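The values are calculated or read from the model by the stated rules, or taken from the named source; none is laboratory data. Small disclaimer: the values here were computed from a predicted structure and weren't measured. Backbone-built Cβ (ideal geometry, glycine too); neighbour counts: all protein chains shown. All accessible areas refer to the heavy atoms of the entire protein, side chains included, with ligands and DNA or RNA removed. Shrake-Rupley method; radii C 1.70, N 1.55, O 1.52, S 1.80 Å.
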Amino acid sequence: QFRFRGSVHSLAFSPDGRWVAYASPEQGAYEVYVRAFPDGGRQWTISTGGGNFPAWSRTSNELFYRTEDQVLMVASYTVAGDSFVAAKPRVWSERRLFNSGLVPNFDLAPDGKRFAVLMSAQGAEPRETQRGVMLVLEPLTFLETTAVETLDDLAAVLDGVGSKALVAMLDTGHI
């Protein structure tokens, strides 16, 4: 059982089950924190300057999260006895994710090497009026770009991709 001050969301267990990461606005802005499981009452602040949607790597000691301005961050960590020791978070990619509000817009693949992310479509029009989003299935390596207009088109493209990098541009006005 956990006792939190204020609201929390996006709880995520570490792969070994010893830690729980979560987001909370207890200091004003949402930040990412970690606590031991079972709860010992201590918490460690991971994000600096805002953070949401923590995601643990299953293959390395890394914790990912999204900032308020849609940047994907990563913090390496070690465990020393009952203490969680996080390194200073660093930017995983300079590319900004699609602003999905309080809905997750990224997920880490089980192998820890790839992300599925929603990103704003690139274009000349102002960011606020762009209607497209991109689904990125490799770590921001754009080897192939395929435009799709419907979910059926997207499914057909995904079936034929295999392990190649893919950016599927979705015009949300057609879905």
### Query
Residues of region 1-40: accessible area per residue at 1.4 Å, in Å²?
54
### Gain in span if fully extended, Lys88 to Ala109, counting 0.36 nm per residue against the direct Cα distance
5.3 nm
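Using packing as a proxy for protection, rank 8-15, 109-116 so that the peptide with the highest average count of other Cβ atoms within 10 Å comes first.
8-15, 109-116
Fully extended, how many nm does the chain gain between His9 and Thr78 (0.36 nm per residue separation, minus their Cα-Cα distance)?
Details: separation 69, 0.36 × 69 = 24.84 nm, distance 2.37 nm.
Full-extension gain reported as 22.5 nm.
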### Query
Given H placed 1.01 Å from N in the peptide plane, which residues other than close sequence neighbours of Gly51 have an amide H under 5 Å from its amide H?
Tyr30, Glu31, Val32, Glu68
### Summary
Applied in sequence order to region 88-103, the curve 6.51 cos²θ - 1.76 cosθ + 1.60 (Karplus, θ = phi - 60°) yields integer Hz couplings, x standing for Gly and Pro, of 4, x, 10, 5, 7, 8, 6, 5, 7, 7, 5, 6, 9, x, 8, 10
### Message
What does the C-alpha gyration tensor say about the overall shape of region 42-102? Classify as rounded when a/c is under 1.5, otherwise prolate if a/b is larger than b/c, or oblate.
### Response
prolate
### Message
Would region 8-84 count as rounded, prolate or oblate if I go by the C-alpha gyration tensor, calling it rounded below 1.5 in a/c and otherwise prolate when a/b exceeds b/c, oblate otherwise?
### Response
oblate
### Task
Highest first, please rank the peptides 54-67, 93-106 by the mean number of other Cβ atoms sitting within 10 Å of their residues.
54-67, 93-106
